[in-house]
Amino acid sequence: MAKTILIIGACGQIGTELTMALRKVYGSKNVVAADIREGSDELMVSGPFEILDAMDASRIDTICAQYFVDEVYLMAAMLSATGEKFPKKAWDLNMNSLFNVLDLAKEGKVSKVFWPSSIAVFGPTTPSENTPQKTIMEPSTVYGISKQTGERWCEYYHNKYGVDVRSIRYPGLISWKAQPGGGTTDYAVDIFHQALEHNKFECFLEEDTMLPMMYMEDAIRATIEIMKAPASSIKDRSAYNIAGISFTPAEIAAEIRKHQPTFEITYKPDFRQQIADSWPGSIDDSQAHNDWGWNHYYDLESMVTEMFTQLPKRSIF
Ligand code: AKB
C-alpha cells in the first residue's frame with residue numbers, strides 16, 4: 001500500500017516545490033498539502049489540501065487520523081530576518097510546531113518526520129570556512145537559536161523515544177517557482193526578479209558577503225533522499241550539513257551580467273548584514289555524503305542559467 005504524506009507549510013518557498021515533487025514520487029492523492037493559507041493553483045488542484053495552523057496540535061492529529069498519514073514534513077517556520085522583528089512569535093511558531101509533530105511520532109501516530117534545520121544554527125564563533133558537521137554553534141538570531149534547540153530536541157526524541165526524525169541544515173535556497181519570505185538569503189532570489197523587471201538591484205548585503213546557497217532542485221532532492229535512506233544510514237539525528245554553491249552578491253551579479261550585460265547592482269546594507277556576518281561562508285557536507293550519499297549538482301553558472309530560462313516563463317511582468 002502506498003504511504004501517505006502530510007506537508008505542513010506546503011505553500012511556502014520549499015513546501016510548494018516539495019509538495020509537487022513528492023506528488024510525482026508517491027502519487028498526488030497520497031500527498032496532503034496543508035498550510036495556514038492557500039497556495040498556487042498548481043498545488044491546490046493537483047491533490048488534497050487542508051487549511052492548518054502548525055501551532056494547532058489537535059488539528060494536526062485530526063488530519064493525520066483522517067488521511068492515515070505515515071510521514072510528516074514540517075516546513076512551517078519564521079525565518080531569520082522576520083524572526084528578529086518578532087522574536088517571541090518566531091520562538092513560539094518554530095518550537096511549538098516541532099513539538100506537535102515530534103509528539104505525534106512519539107505516540108506512534110506517524111512513523112517518520114522531516115524537520116528542516118538551517119545554516120543559521122551557526123554563529124559568529126563558528127569556523128566560517130568549510131564549516132564542519134560538528135563544531136562550535138553559538139547562533140545569534142532567534143531563528144538560529146530555535147533551529148539549534150530544535151536539533152537537540154530531534155536527537156533527544158530519537159534517543160529517548162525511538163522517533164525516526166531526519167533533518168538537514170538548508171543553506172539559502174534559490175528557486176523560480178515560489179518566492180522566499182523573511183530570510184537573510186532572500187536577496188539571491190529577488191536579484192533575478194529585479195534584474196528581469198528593472199535591470200538593476202539594490203542589495204541589502206555588502207558586495208563581499210559570502211554565504212552558502214543551493215538551487216532548489218538540489219534541496220528538494222536532498223530532502224527526498226534523506227527521507228528514503230535506510231534508518232541505519234542516518235547516523236546523525238540532529239541535522240546534516242549540506243553544501244551547494246557559495247557566492248557573494250558581487251559574484252552572482254557578475255554571473256547575471258553574462259545574461260544581461262547592462263545589469264547594475266548597488267549596495268545598501270541593513271540589519272540583515274549583521275545576521276549574514278554571523279553565518280559561515282561555506283559548508284563541509286562530507287558526513288551527509290558518507291552516510292546517505294548526498295551530492296549537489298548545480299553550480300553558480302548552471303543555477304543562474306536555469307533561473308534565466310525558467311523565471312521569464314513564470315513571471316507576470
Ligand atoms: C534565512 O535566510 O533565514 C533562511 C535560512 C538560511 O535558513 N533562508
Of all DSSP beta bridges located in the chain, what percent are antiparallel, nearest 5?
-> 10
Please give, to one decimal in nm, the separation of the simple spin-label points placed at Lys29 and Phe86, each 7 Å out from Cα toward the Cβ.
-> 3.7
The rounded separation in angstrom of the Cα centers of region 157-176 and region 61-108 is 12
For the chain, with a Gaussian network of springs between Cα atoms less than 10 Å apart, report the residue from Val45, Val142, Val189 with the top mean-square fluctuation.
-> Val45
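Loop-only trypsin sites (Lys or Arg not before Pro) in region 1-73, please: DSSP not H, G, I, E or B, and at most 11 other Cβ atoms within 10 Å.
Arg37
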Cross-link partners of Lys3 among aspartates and glutamates (Cα-Cα below 12 Å; sequence separation of 8 or more within a chain) | Asp70, Glu71
Between Glu251 and Thr62, the two model label points (7 Å from Cα along the beta-carbon direction) sit apart by a distance in nm of 4.9
Unsatisfied cross-links (Cα-Cα over 26 Å) in the set Lys24/Lys313; Lys29/Lys109; Lys89/Lys313; Lys106/Lys147 | Lys89/Lys313
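Test of the criteria: in region 220-282, which trypsin sites (Lys or Arg not before Pro) are in a DSSP loop and have at most 12 other Cβ atoms within 10 angstrom of their Cβ? Mind showing how you got there, number by number?
On the way: sites: Arg221, Lys228, Lys235, Arg237, Arg257, Lys258, Arg272; in loops: Lys235, Arg237, Lys258.
The qualifying sites are Lys235, Lys258.
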Subtracting the Cα-Cα distance of Thr266 and Lys160 from 0.36 nm times their residue separation yields 33.1 nm
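Using only the Cα atoms of region 179-220, build the gyration tensor, take square roots of its eigenvalues as a ≥ b ≥ c, and label the shape rounded, prolate or oblate: rounded if a/c is under 1.5, else prolate if a/b is larger than b/c, else oblate.
Numbers: a/c = 1.88, a/b = 1.25, b/c = 1.51.
In terms of gyration-tensor shape, oblate.
Would region 1-112 count as rounded, prolate or oblate if I go by the C-alpha gyration tensor, calling it rounded below 1.5 in a/c and otherwise prolate when a/b exceeds b/c, oblate otherwise?
oblate
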Region 1-68: chymotrypsin sites (Phe, Trp or Tyr not before Pro) falling in loop per DSSP and having at most 12 other Cβ within 10 Å = Phe68
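When the helix-only estimate is applied to the chain (DSSP H runs of n ≥ 4, each -39,500 (n - 2.57), divided by the residue count), what is the mean residue ellipticity at 222 nm, nearest 500 deg cm²/dmol?
After summing the helix terms and dividing by the residues of the chain, the value is -13500 deg cm²/dmol.
Every number here is computed from the coordinates shown, using simple stated rules; none is lab data. Keep in mind that what you see is a predicted model, and the values were worked out from it rather than measured. Cβ sites come from the backbone with ideal geometry, for glycine too, and all protein chains shown count toward neighbours.
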